[in-house]
1. Once the Cα atoms of helix 105-120 and of the chain are each reduced to a long axis, what angle between those two axes, in degrees from 0 to 90 to the nearest 10, is obtained?
2. Summing -39500 (n - 2.57) over the DSSP H runs of n ≥ 4 in the chain and dividing by its residue number, what mean residue ellipticity at 222 nm do you reach, to the nearest 500 deg cm²/dmol?
3. Hey, how many Å between the Cα centroid of the stretch 127-150 and the Cα centroid of the stretch 2-26?
4. Suppose the chain between residue 132 and residue 61 were pulled fully straight at 0.36 nm per residue; how much longer would it get relative to their current alpha carbon spacing?
5. Angle check, please: helix 13-33 long axis (alpha carbons) against the longest principal axis of the chain (alpha carbons), in degrees 0 to 90, nearest 10.
6. At a Förster radius of 35 Å, what calculated FRET efficiency corresponds to the Cβ-Cβ distance of residue 139 and residue 2, to the nearest 0.05?
7. Using the number of other C-beta atoms within 10 angstrom as an exposure proxy, rank 64, 17 with the fewest first.
8. Using label points projected 7 Å from each Cα along Cα→Cβ, tell me how many nm separate residue 114 and residue 54, to one decimal.
C-alpha cells in the first residue's frame, strides 16, 4: 500500500507512517528472536479475522478451503478461478450467518449478487468465453478480444 505524500503535524505523511512501521518491524524481529514468531503470526490472523471480508478470507481455515476448491478443479484456470470465487462467497456468507463477520447492507447486497452470478457461470470454459465476448462486445466500445490475446 502506498502513503499519499502530504504534511501532517508530526512531519510528512511518510515520516509519520514510518514510526508505526518501525514498531511493527521491531515486534516481528523480537518475536523471531524469542521463538514466538508463529504465536505473533496467529495473533495477527486472529485480530484481523473478523475485521472485514478480506481478513476473514485470509484466515487459515478459510484460505485452506479456497485452496482446496482450486486444487479440486485440476489444471483448468477458469474452473479453478470459478470454484475459488464460489467458495469465497460461501465462506463470507457463512461467517456473516454465524455472526463471526459483520457486513454492511451494501456489502451483503453485493455478496448476494456476486453469489448468484458466480453460480450462474457455465461449467464449460468455451461457453464462458463466448458469453464474455458477446457481453463485452455489446457493452464496451471498441472491444477487441485480440487485444487480450484471444
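No lab work stands behind these numbers, since they all come straight from the coordinates. On a predicted model such as this, the values are computed, not experimentally measured, just so you know. For neighbour counting, all protein chains shown are included, and Cβ atoms are generated from backbone atoms with ideal geometry for every residue, glycine included.
1. On a 0 to 90 degree scale, this one is about 40.
2. Numbers: 7 runs with 104 residues, N = 150.
Estimated from H runs of four or more residues: -22500 deg cm²/dmol.
3. The stretch 127-150 and the stretch 2-26 have Cα centres spaced 43 Å from each other.
4. Answer, rounded to one decimal: 22.3 nm.
5. It is inclined by approximately 80 degrees.
6. On the way: r = 31 Å, r/R0 = 0.89.
The value I calculate is 0.65.
7. Fewest-to-most Cβ neighbours within 10 Å comes out as 64, 17.
8. 1.2 nm
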